[in-house]
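Accompanying notes for the structure given below.
The values are calculated or read from the model by the stated rules, or taken from the named source; none is laboratory data. The model shown is predicted, which means the values in this text are computed figures rather than measured ones. Quick reminder, even Gly has a Cβ in these numbers, built from the backbone with ideal geometry, and neighbours come from all protein chains shown. Remember, those area values only see protein heavy atoms, side chains included, never the ligands or the DNA or RNA. Shrake-Rupley method; radii C 1.70, N 1.55, O 1.52, S 1.80 Å.
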Amino acid sequence: MTESLGSGRPTNRALAQADMAAIMGRLSPDALRTLRAVAAMRHRPPEEVLREELEGYVADQIPAVDVEGIIRLMGARLYEIGYLVGSMKRFIRKHRS
């Protein structure tokens, strides 16, 4: 990933690997056994399976965004702005003549 030149600080990849090692070290023996079984079924490394499961868990905790509601709100605001700009243009034209 990113690596700083000569700063002596670890890269993002090294930090991620260190974090993953810390998480794996905190798992109970049963959880570790289950993780290894799931990893074997998926033909993937246990760390990658754990990362995917954690990402899925976090994604499930984040509420869904109401995109259509945001677009409707933006449309209403833009309509109001257009009306105000038009009113200002009419006012300016009226007082110029």
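Scanning the stretch 47-69 for residues that are part of a helix (DSSP H, G or I), of a type outside the set (Gly, Ala, Ser) and either more than 30 Å from residue 22 (Cβ to Cβ) or open to solvent by 100 Å² or more (accessible area, probe 1.4 Å) (or both) yields a total of 6. Please give the number of the condition residue 82 fails out of (1) modelled with pLDDT of 90 or more; (2) open to solvent by 100 Å² or more (accessible area, probe 1.4 Å). Tallying (1) modelled with pLDDT of 90 or more; (2) open to solvent by 100 Å² or more (accessible area, probe 1.4 Å), residue 82 fails exactly one: (2). Summed over the stretch 2-33, the residues that are modelled with pLDDT of 85 or more, surrounded by 12 or more Cβ atoms within 10 Å (Cβ to Cβ) and small (Gly, Ala, Ser) give a count of 1. Candidates 72, 44, 36: the one that is surrounded by 11 or more Cβ atoms within 10 Å (Cβ to Cβ), among the basic types (Lys, Arg), part of a loop (DSSP other than H, G, I, E, B) and without any contact (Cβ under 8 Å) to a residue 40 or more places away in the chain is 44.
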